[in-house]
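The values are calculated or read from the model by the stated rules, or taken from the named source; none is laboratory data. This structure is a prediction, so every number in the text was calculated from the model and none was measured. Positions of Cβ are generated from backbone atoms using ideal geometry, with glycine treated the same way; all protein chains shown enter the neighbour counts. What goes into the accessible areas is simple: the full protein's heavy atoms, side chains included, and nothing from ligands, DNA or RNA. Shrake-Rupley method; radii C 1.70, N 1.55, O 1.52, S 1.80 Å.
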Amino acid sequence: MKALGSWCLVALLACGGSELPARSAPPAAAAASDSSGAAPVPPPTRAAPSPELSAGIKAFDAGNYSEARSSFQAAVKKSPNDADALYDLGMACEKLGDKAGAEGAYTSALTAKPDLEAASIDLSALYIDEGRIDEALAVGRAGLAKHSGSSKLHENLAAALAARGSQDLAIKEFEAAIEITPAEPLLQLAFAHWLNVWHVRGAGVHLDAAGKLAKNDYALVASIAHEYRMAGEFDSCVKTYDHAVAIKDGGEVRTGRALCRVALKDEKAALDDLQAAVAIEPTFAPAHYYLGGRLGVAKRFKDAAAEYAKYLQLDPNGSLAKQASERLKAAQDAAARKK
C-alpha cells in the first residue's frame, strides 16, 4: 500500500493581515494510497502455491522482504509463467525500493495472465508514483476492459487523469469508483482533495462520508480536518480537529484547528491552540510561525518576533522561511517603535 503524500500547513498569515491558505498534497497521515492517490491492491485469488512460493509468502508476511524476494525468484525460475509468483515478486521488489524490478515482475505477471487485476492495479499505481502518466493510463484502461467493476482501477485511472490535468474525466472515474465502493474513506478523501485542488464545490459531501467511516483513525481524522479547511468549511474543520485532538494531542492538529478558528474570527481560541501547540510540540516549526502572526495581531510585537525567530531556527529553509524573515523584521521594527 502506498502513501498519499505529505501534509503541510502552509497558510500565509501576516502579522496583522488575513490568512491565505495554500493548496497541499493529500496527507501522509492517511497513508493508504500512493503519492498521487492511486489505490492499494486487493489480495489476488491464487491456486495452491509451490513450496518456494509458500516460503516467500511466509517471509513477506513476516516483513522479511529480502528473503521473500529470493523465494519468489526461485519460484519464478522454477515456473517462469507463474503469474502469482511474478506478482508477489513485484510486491517484494517494491517493498525493497526496487521499482525497476517491481515493474518487470508486474509486467511479466500480466503477460502470463492478462486478466490479473491485482497486477494491473499495482503496475498502474507504480507508474503514477513515477509520474509516467501515459503508461499508467494504458495499464489502467486495459485492466478496466477486463474488470469494469474494479473500484481500485477506476481510482487509479482517476488519479492518473488528475495528475495529467484532465479534470472532467478524473471526476467521472472518481464517481465510478465511489459508486462501486462508497464505504471506502480514503477514496472519499482523495476525491475531496482533488475537488479542493480544482476549486470545485462538493468536497464537503465526501469529507462527511469519510468522517463517518474514519472512527478513531487519528491520521485519517486529521487529514479530513485539513481538507475541510481547504474547502472553506471551517465549522466542520474545527469539529473534526476536536476529534483528532481528543485522540492524540499534538502540534500539527492544534495548529490546523487554530487556522480554522482564525477563519472563524475566534482569535482567543486560535491563540490558545497555538500556544498549546508550541508547548506540546516545541519542535513543530509552523506552530511558531502562526503563533507569531496571532501575537502580531494582538500587538505583542516583541513576542511575535521571538516566535518568527524560533521558526527560522527550527526550519531555516522551510516553505515559510522567506515570510518569517520579513515578518521578523517587521515585528522587530514595530516593537522598537512601541518603546
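Quick notes
- Debye, to nearest 20: dipole size of the stretch 260-312, +1 on Lys, Arg Cβ, -1 on Asp, Glu Cβ: 220 debye
- Rolling a 1.4 Å probe over the protein heavy atoms gives the chain an accessible area of 44 Å² per residue.
- Bridgeable lysines around residue 239 (alpha carbons under 21 Å apart, same-chain partners fewer than 8 residues away excluded): 212, 215, 248, 265, 268.
- Leading residue at positive end of dipole, the chain (Cβ point charges), from 262, 298, 102: 298
- Compared with the alpha-carbon gap, the fully stretched path from residue 272 to residue 134 is longer by 44.8 nm at 0.36 nm per residue.
- Counted residue by residue at 0.36 nm each, then reduced by the alpha carbon distance between them, the extension gain from residue 198 to residue 239 reaches 12.3 nm.
- Estimated at 0.36 nm per residue, the fully extended path between residue 264 and residue 339 surpasses their Cα-Cα distance by 23.8 nm.
- Taking the longest Cα principal axis of the chain as reference, the axis of helix 133-146 is set at about 50 degrees.
- Rounded to the nearest 10 degrees, the angle from helix 321-338 to the longest Cα principal axis of the chain is 10 degrees.
- Taking the 1.4 Å solvent-accessible surface of the stretch 149-188 as the whole, the part contributed by carbon and sulfur is 52%.
- Share of Cα-Cα pairs in the stretch 173-297 lying beyond 25 Å, as whole percent: 26 percent
- Helix 51-61 axis versus longest C-alpha principal axis of the chain: approximately 10°, rounded to the nearest ten.
- Quotient of the Cα radius of gyration of the stretch 208-256 and 2.2 N^0.38 Å, N being its number of residues: 0.97.
- Simple spin-label estimate for residue 216 and residue 64 gives 3.4 nm between the two label positions (7 Å along the Cα-to-Cβ direction from each Cα).
- Assigned charges on the beta-carbon of Lys, Arg, Asp, Glu; the chain dipole about Cα centre (debye): 1320 debye
- Highest-MSF residue in the chain out of 211, 202, 292 [GNM, Cα springs under 10 Å]: 202
- The distance from the alpha carbon centre of the stretch 256-287 to that of the stretch 45-122 is 47 Å, rounded to a whole number.
- Calculated over the chain: convex hull of Cα atoms, volume per residue (Å³): 137 Å³
- Estimated [θ] at 222 nm from DSSP helical runs (n ≥ 4, -39500 (n - 2.57)) normalised by residues in the chain, nearest 500: -22000 deg cm²/dmol
- If only the Cβ of Lys and Arg carry +1 and only the Cβ of Asp and Glu carry -1, the dipole of the stretch 116-197 around its Cα centre is close to 120 debye.
- The Cβ shell under 14 Å around residue 176 holds other residues with a net charge of -3, Lys and Arg each +1, Asp and Glu each -1.
- Dipole of the chain [Lys/Arg +1, Asp/Glu -1 at C-beta], most positive-end residue of 49, 138, 230: 230
- Considering only 185, 336, 321, the residue lying farthest towards the positive end of the dipole of the chain is 336, judged by Cα position with unit charges set on Cβ.
- Averaging the Cα positions of each part gives two centres, and for the stretch 297-322 and the stretch 128-145 these lie 44 Å apart.
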